[in-house]
Amino acid sequence: MSKHRMFASVALCALAASGLAIAGPDVTHSNVNGISSYGAVGDIFGYALGSYTCNVGNQNLRWGTSWQGSPWLAMNAYRLKDGVLQQIGMSWVKNSCCAGASSGICGTCNGVGGSMLGVNCLDVYGSGYNGGQTRLGPRSIFNAFTGQEGPGDNTSSGDAIYKRLQVHRSDLNPALNTNALYFVEGVYLASDETDQAAKLNNASHKRVTITNNATYTMTEQGNMQVGRPAIYAWRDHGLGVNVPDPSIVITPVDVPGEGRFYVGSKVTPLPGGLYRYDYAIFNQNSDRSASGLVIPVPAGVSVSAVTFKGVPYHSGEVYSNTPWTAERKATTVEFGSPQKFQDNANTNALRWGTMYNFSFIADRPGADVQATLALFKPGAPAGLTITVPAPALPVCVADIANDGIAGPAPGPDGALTGADFDLFVEAFFTEMTSGGRLIADLTDGLGTGQPDGRLTGTDFDLFVVEFFTGC
């Protein structure tokens, strides 16, 4: 048995031995056992991943035929380049004919196969079978959270890359991707999984290398990261193979009563006092999907190079590839789907088994803020609050008012204007309050910079100094 199979086997057997097996069926993509390369059509290469599939739950898993059962496997490809992980390819979804009943990597099989994958049983499909075009159906026919499928094309065939895992030549060419690392990922949907915990280990990834030849062959490297989506490769290999980048934060975020997203972020210092902000969001199994990302950025921060990056659908998939909007607004940086659900249900949203990237450059270092991930399909909540780093202005006690357009209301806006000066003078001499505190009470006069409930000359002097020196 190879080292990577031994590693996965030990992990899965330890889970079973611990008594922590999921209540009900629980499918995992436990290994990639080979990758087929189908060559190129134009500048796009086609691939398919082999699959070792385990049922690590405590009940048999339904395994159907002709798109009447489960589970189904979607295949993805990623590239880690210049400190940023991006999804560079996706396939349609593979259905299987029948389950094996082997022991080994999954533990001791209970002997059930065929229309069921038994408890602790291993099913093996080669990459050639998984790349069979009549076994590949569109992602759009599935409810990502329940795993239920609807009607769709699962019988047609086409050219060498049709329906398969497609990657553009420019994303593989070593001359254009110096020191890049590559990863493949399998994401399962299974309608038999009713326990929410069983749905959360359905994405697994593995590192691959790209051979510089006519077919850009993918070769597996290292261990399968079972139950860990490929977004974790960003941190795990961020400074090189198996060298983690501690500046990258990956956080799971759940839609209440529904699916899971993963949010990754990184802030990179650049020459000239600039900072690059990178965000990656992976939708593992939320059928509601995502349609927007709103990041608070104060008005006084200079922002440039606001960029969105998605991975294209193909082979007649009904979803649009129109890019998201990406723009700097007055006090935010916002990314958004081209249309709303009620206007076009097939517009470009962040759907299951897919990762999108968002980035911009700013002239301020970061601090954690509460951003909003808007959800695409109607429901409650309309969005999720996520914690990410974003540019922050230095604390400035003289910044006490908005810009005065609607009247100088209390509260900083990231800029020093006449509204701040006028509000302070009025607040100082009239003892104006807001939220139970004196607006002009800026300091205690002892050097702590904390208000003390009194208005003194120290407050006045501090305001004047900071206002005219720009904090």
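The values are calculated or read from the model by the stated rules, or taken from the named source; none is laboratory data. Since this is a predicted model, take the numbers as computed values, not measurements. Backbone-built Cβ (ideal geometry, glycine too); neighbour counts: all protein chains shown.
A quick yes/no check of all residues on (1) surrounded by fewer than 22 Cβ atoms within 10 Å (Cβ to Cβ); (2) touching a helix residue (DSSP H, G or I) at 6+ places or on another chain (Cβ under 8 Å):
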{"position": "ASN357", "(1), (2)": "yes, no"}
{"position": "PHE360", "(1), (2)": "no, no"}
{"position": "ASP368", "(1), (2)": "yes, no"}
{"position": "THR372", "(1), (2)": "yes, no"}
{"position": "PHE376", "(1), (2)": "no, no"}
{"position": "VAL395", "(1), (2)": "yes, no"}
{"position": "ALA398", "(1), (2)": "yes, yes"}
{"position": "PRO410", "(1), (2)": "yes, yes"}
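This table checks each residue for (1) hydrophobic (A, V, I, L, M, F, W, C); (2) within 30 Å of GLY46 (Cβ to Cβ); (3) not assigned by TED's automatic domain parsing to the domain that holds ALA190.
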{"position": "ASN285", "(1), (2), (3)": "no, yes, yes"}
{"position": "VAL301", "(1), (2), (3)": "yes, no, yes"}
{"position": "VAL306", "(1), (2), (3)": "yes, no, yes"}
{"position": "TYR313", "(1), (2), (3)": "no, yes, yes"}
{"position": "GLU317", "(1), (2), (3)": "no, yes, yes"}
{"position": "SER337", "(1), (2), (3)": "no, yes, yes"}
{"position": "LEU350", "(1), (2), (3)": "yes, yes, yes"}
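Among the residues of the range 99-107, is there at least one that is under 30 Å from the mean Cα position of the chain (by Cα), of a type outside the set (Gly, Ala, Ser) and either at pLDDT 95 or above or at positive phi (or both)?
no
Applying the selection to the range 387-431, what residues are more than 39 Å from the chain's Cα centre (by Cα) and either among the charged types (D, E, K, R) or at pLDDT 90 or above (or both)?
ASP420, PHE421, ASP422, LEU423, PHE424, VAL425, GLU426, ALA427, PHE428, PHE429, THR430, GLU431
Could you list all residues from the range 202-241 that are part of a loop (DSSP other than H, G, I, E, B), polar (S, T, N, Q) and within 26 Å of SER70 (Cα to Cα)?
Residue satisfying the conditions is ASN202 alone.
Being in contact (Cβ under 8 Å) with a residue 12 or more places away in the chain, of a type in the set (Phe, Trp, Tyr), in a strand (DSSP E or B) and surrounded by fewer than 21 Cβ atoms within 10 Å (Cβ to Cβ) is true for just one of PHE261, PHE282, PHE308. Which residue is that? Show your work before the answer.
Numbers: PHE261 fails: surrounded by fewer than 21 Cβ atoms within 10 Å (Cβ to Cβ); PHE282 fails: surrounded by fewer than 21 Cβ atoms within 10 Å (Cβ to Cβ).
Within the list PHE261, PHE282, PHE308, the selection yields PHE308.
Of everything in the range 285-305 that's of a type in the set (Ser, Thr, Tyr) and not in a strand (DSSP E or B), which residue is farthest from GLY227 (Cα to Cα)?
Out of the qualifying residues, it is SER302.
State the number of residues belonging to the range 316-338 that are of a type outside the set (Asp, Glu), assigned to a loop (DSSP other than H, G, I, E, B) and crowded, with 17+ Cβ neighbours inside 10 Å. Step through it out loud before you land on a result.
The initial filter retains those residues of the range 316-338 that are of a type outside the set (Asp, Glu), namely 316, 318-326, 328-333, 335-338.
Then keep just the ones that are assigned to a loop (DSSP other than H, G, I, E, B); that gives 316, 318-324, 329-331, 337-338.
Going one step further and asking which of them are crowded, with 17+ Cβ neighbours inside 10 Å, we end up with 319, 324, 337.
So the count comes out to 3.
Looking at the range 47-96, which of its residues are in a loop (DSSP other than H, G, I, E, B) and hydrophobic (A, V, I, L, M, F, W, C)?
VAL56, TRP63, TRP67
Please specify each residue of the range 353-370 satisfying the condition of being assigned to a strand (DSSP E or B) and of a type in the set (Gly, Ala, Ser).
Scanning the range 353-370 gives SER359, ALA362, GLY366, ALA367.
If you take the residues of the range 122-161 that are in a helix (DSSP H, G or I) and under 27 Å from the mean Cα position of the chain (by Cα), which of them is farthest from GLY259 (Cα to Cα)?
SER127
When the range 218-246 is examined, which residues are found to be within 13 Å of ALA77 (Cα to Cα) and either of a type in the set (Val, Ile, Thr) or surrounded by fewer than 17 Cβ atoms within 10 Å (Cβ to Cβ) (or both)?
THR219, ILE231
Which of the following residues is of a type in the set (Gly, Ala, Ser) and modelled with pLDDT of 95 or more: GLY46, GLY64, GLY69? Even if it seems obvious, please write down each step before you answer.
On the way: GLY64 fails: modelled with pLDDT of 95 or more; GLY69 fails: modelled with pLDDT of 95 or more.
Of the residues listed, the single one that is of a type in the set (Gly, Ala, Ser) and modelled with pLDDT of 95 or more is GLY46.
Among the numbered criteria (1) touching a Lys or Arg at 6+ places or on another chain (Cβ under 8 Å); (2) surrounded by fewer than 17 Cβ atoms within 10 Å (Cβ to Cβ), which one does GLY273 miss?
Single failed check for GLY273: (1).
Tell me, yes or no, whether the range 37-52 has at least one residue that is more than 22 Å from GLN166 (Cα to Cα) and out of contact with any helix residue (DSSP H, G or I) (no Cβ under 6 Å at 6 or more places or on another chain).
No, there is no match, as no residue in the range 37-52 is more than 22 Å from GLN166 (Cα to Cα) and out of contact with any helix residue (DSSP H, G or I) (no Cβ under 6 Å at 6 or more places or on another chain).
Can you report the number of residues in the range 334-365 which are farther than 30 Å from HIS205 by Cα, touching a residue at least 40 places away in the same chain (Cβ under 8 Å) and touching a Pro at 6+ places or on another chain (Cβ under 9 Å)?
Selection size over the range 334-365: 5.
Kindly indicate which of VAL253, VAL226, VAL243 is within 29 Å of VAL32 (Cα to Cα), free of Cβ contacts under 8 Å to residues at least 60 places away in the same chain and not small (Gly, Ala, Ser).
The unique qualifying residue is VAL243.
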